[in-house]
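Trainee: Below is a structure I'd like to ask you about.
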Amino acid sequence: MSEPSGVVFPASADGRRSTSALGRAVVAEALSRVDPAGARGAEQEANWRSGYLAHFRRLIEAGLASGQAAVSVARDGLESLYRRMRVAGPGGEETGLEALFSAPAHGSLATVTVTGGGVAEGSLSVPYRGERLQGDALLRRLEAWVSAGVIEPSCADAVRTVAAHPDWLAVPGRTVVVLGAGAEIGPLPVLLGWGARVIGVDLPRPAIWQRVLEVARRSAGTLLVPVAGRDAGPAPGDEALVQCAGLDLTGQVPMVADWLAAMEGPLVLGNYVYADGADNVRVASAVDALTVRLQASRRDVGLALLATPTDVFAVPADAVAQSARAYAARSPAARLGGGPLRALSGGRLLRRAYPPGADPGICDSLIPQQGPNYALAKRVQRWRATVARHDGAAVSMNVAPPTRTRSVTKNRALAAAYIGAPRFGVEVFEPATTTTLMAALLVHDLHARGPAQAHPWQDEAQAAAHGGLWRIAYAPRSALGLAALMGYRASRGSAGS
């Protein structure tokens, strides 16, 4: 098997590129300044693949001491990533990740403009269970979600504000860069439908670009597509374009950065990339290097990204209070069965979510099946949002709800947990609903988001659409195991009917 090129994990003395060693070291160094005991615990973790959960929680707990502590964790974690990740050249030579800040581009990108022929949507409408919710119906659904604890009240406020300002939907005066143009819950199709100007970046895979171009042609927006190695001349037709569009960010950061630096602005750099396994950390590192380089070259770059709901978050006191009410209101059967289940599981099942009166509470929704590489890739994005916001950049980072994406449904355990999750008060969204809801929150943030709050956890909690994970009666991981069992039974029952 040939060695990967572009952004890669560091090689140890025996030549192995250990993802666990990298993750363990980055987490330990992120903690070292504010939580030395936590850093030692991460360093000494013998089984990172199963033991990472506690250390990622510790990253959040350590940052609660002060806003500066949270920024320190984020900055030190990113600095550790840059010290360790490598960039491999085609000849086998390697440099540090920071080399991407100034490395010359090998080649250039041409821009193909795709103009849609549709009519822009004149108002905000959200697809939901076979309907398009707008106007009063949308407002009622927002209230129902808030009442059920599915979204934060500030999320409903933000969506209501966007609904009242439909002229915001096309993001006038800005161009949104969507890294991960074909991402299932990325905002590209929604923004184009609203008439926005969007730059799409994704892998050079014809199937991706076939979908993206079909969306763009039907839309009211304008899509700019990167094409490598193309001379000036007439724009290729769609059949030819799907064959030559796209690039791999892990190996072409300088070229993409230079291309974006020359675009008319202002720009919003949206990070919606995803890859399986270790490649998720590689692409997350590449996008972060692209972000730093682009911010250094121009001052009009805002950031946009989505946080996964299956992570650790500090949550406000009213979320803790609603969870406590839900715990107190459990049915007699739940009360009767909960004690034995907790005892038999060694306290792992059906634990109450928070200590009474916690302010803030800690919601730990990490799912072991997603693994430490997924957790690190998503944490790198959160760290960049924290540091950028602290340094004065405009940042839109919102927690997305649990969603039935292809990456979830292909994992049997996760798919089963999502089937059973509603039994515990968690609403799992369809991709179309999530995509529109999160695009609306992005539009809100670009037009009406206020300055950074006193502590980064408060910025992360703002407008969160967590699907109920923050406000259910039980600690999410202690309920999702049972949810998966219920989901397995339900799926077998439906398959046999």
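Trainee: Taking ASP35 and the conditions (1) in contact with a strand residue (DSSP E or B) (Cβ under 6 Å, 6 or more places away or on another chain); (2) open to solvent by less than 70 Å² (accessible area, probe 1.4 Å); (3) more than 26 Å from GLN295 (Cα to Cα), which numbered condition does it fall short on, given that it satisfies the others?
Mentor: Condition (1) is where ASP35 drops out.
Trainee: Look through the stretch 307-322, keep the residues that are closer than 20 Å to ALA183 by Cα and either without any contact (Cβ under 8 Å) to a residue 24 or more places away in the chain or in contact with a helix residue (DSSP H, G or I) (Cβ under 8 Å, 6 or more places away or on another chain) (or both), and return whichever of them is surrounded by the fewest Cβ atoms within 10 Å (Cβ to Cβ).
Mentor: In this case the residue turns out to be ALA307.
Trainee: Also: Testing ALA158 on (1) free of Cβ contacts under 8 Å to residues at least 40 places away in the same chain; (2) part of a helix (DSSP H, G or I); (3) small (Gly, Ala, Ser); (4) under 30 Å from LEU469 (Cβ atoms), one condition comes back false. Which one is that?
Mentor: Here ALA158 clears every test but (1).
Trainee: Since TYR374 meets every condition but one in (1) open to solvent by less than 10 Å² (accessible area, probe 1.4 Å); (2) among the hydroxyl-bearing types (Ser, Thr, Tyr); (3) outside any strand (DSSP E or B), which condition does it not meet?
Mentor: (1)
Trainee: Right, another one. For VAL119, which of the numbered conditions (1) open to solvent by 50 Å² or more (accessible area, probe 1.4 Å); (2) in a loop (DSSP other than H, G, I, E, B); (3) within 30 Å of VAL287 (Cα to Cα) fails to hold?
Mentor: The number of the failed condition is (3).
Trainee: Next up: Only one of (1) open to solvent by 40 Å² or more (accessible area, probe 1.4 Å); (2) touching a residue at least 12 places away in the same chain (Cβ under 8 Å); (3) at negative phi is not met by ARG140, so which one is it?
Mentor: Result: ARG140 fails condition (2) only.
Trainee: Hey, among the residues in the stretch 43-54 that are open to solvent by 20 Å² or more (accessible area, probe 1.4 Å) and either touching a residue at least 24 places away in the same chain (Cβ under 8 Å) or in contact with a His (Cβ under 8 Å, 6 or more places away or on another chain) (or both), which one's farthest from ALA461 (Cα to Cα)?
Mentor: That would be GLU45.
Trainee: Quick one: is GLY92 on the phi > 0 side of the Ramachandran plot, open to solvent by 50 Å² or more (accessible area, probe 1.4 Å) and touching a residue at least 24 places away in the same chain (Cβ under 8 Å)?
Mentor: When the stated conditions are applied, GLY92 passes them.
Trainee: Still on this structure, please answer the following. Kindly establish whether ALA415 is under 22 Å from GLY182 (Cα atoms), assigned to a helix (DSSP H, G or I), at pLDDT 95 or above and of a type in the set (Gly, Ala, Ser).
Mentor: It is false that ALA415 is under 22 Å from GLY182 (Cα atoms), assigned to a helix (DSSP H, G or I), at pLDDT 95 or above and of a type in the set (Gly, Ala, Ser).
Trainee: Give the residues of the stretch 123-155 that are of a type outside the set (A, V, I, L, M, F, W, C) and in a helix (DSSP H, G or I), sorted by residue number.
Mentor: Scanning the stretch 123-155 gives GLY135, ASP136, ARG140, ARG141, GLU143, SER147, PRO153, SER154.
Trainee: Can you confirm whether the stretch 180-190 contains a residue that is more than 17 Å from SER108 (Cβ to Cβ) and over 22 Å from the mean Cα position of the chain (by Cα)?
Mentor: no
Trainee: Residues to consider are ILE185, ILE199; find the one that is more than 20 Å from TRP259 (Cα to Cα), in contact with a strand residue (DSSP E or B) (Cβ under 9 Å, 6 or more places away or on another chain) and either aliphatic (A, V, I, L, M) or part of a helix (DSSP H, G or I) (or both).
Mentor: ILE185
Quick grid of which residues meet (1) in contact with a Gly (Cβ under 7 Å, 6 or more places away or on another chain); (2) at pLDDT 95 or above; (3) of a type in the set (Lys, Arg); (4) assigned to a helix (DSSP H, G or I):
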| position | (1), (2), (3), (4) |
| --- | --- |
| ASP445 | no, yes, no, yes |
| ALA452 | no, no, no, no |
| GLN458 | no, yes, no, yes |
| LEU469 | no, yes, no, no |
| SER478 | no, no, no, yes |
| GLY493 | no, no, no, yes |
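Trainee: Restricting the first residue to the stretch 436-463 and requiring it to be among the aromatic types (Phe, Trp, Tyr), which pairs with a second residue that is assigned to a helix (DSSP H, G or I) meet a Cβ separation below 8 Å and a spacing of at least six or different chains?
Mentor: Every condition considered, the pairs that remain are TRP457/ILE60; TRP457/GLY63; TRP457/ALA70.
Trainee: Here's something else I'd like to know. Name the one entry in VAL162, VAL114, VAL150 that is in contact with a His (Cβ under 6 Å, 6 or more places away or on another chain), open to solvent by less than 20 Å² (accessible area, probe 1.4 Å) and either on the phi < 0 side of the Ramachandran plot or not β-branched (Val, Ile, Thr) (or both).
Mentor: Every option except VAL162 fails the conditions.
Trainee: Out of all the residues in the stretch 95-107, which are surrounded by fewer than 14 Cβ atoms within 10 Å (Cβ to Cβ) and more than 25 Å from GLY23 (Cβ to Cβ)?
Mentor: Matches in the stretch 95-107: SER102, PRO104, HIS106, GLY107.
Trainee: Please go through the stretch 422-443 and give me each residue that is surrounded by 23 or more Cβ atoms within 10 Å (Cβ to Cβ) and more than 17 Å from GLY130 (Cβ to Cβ), ordered by number.
Mentor: VAL426, MET438, ALA439, ALA440, LEU441, LEU442, VAL443, listed by residue number.
Yes/no matrix, rows are residues, columns are (1) polar (S, T, N, Q); (2) under 23 Å from GLN462 (Cβ atoms):
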site	(1), (2)
VAL126	no, yes
GLY130	no, no
LEU133	no, yes
ASP136	no, no
THR161	yes, yes
GLU184	no, no
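The values are calculated or read from the model by the stated rules, or taken from the named source; none is laboratory data. On a predicted model such as this, the values are computed, not experimentally measured, just so you know. Heads up, the Cβs are rebuilt from the backbone with ideal geometry, glycines too, and the neighbour counts pull from every protein chain shown. To get the accessible areas, we keep the full protein, side chains included, count just its heavy atoms, and leave off ligands, DNA and RNA. Shrake-Rupley method; radii C 1.70, N 1.55, O 1.52, S 1.80 Å.
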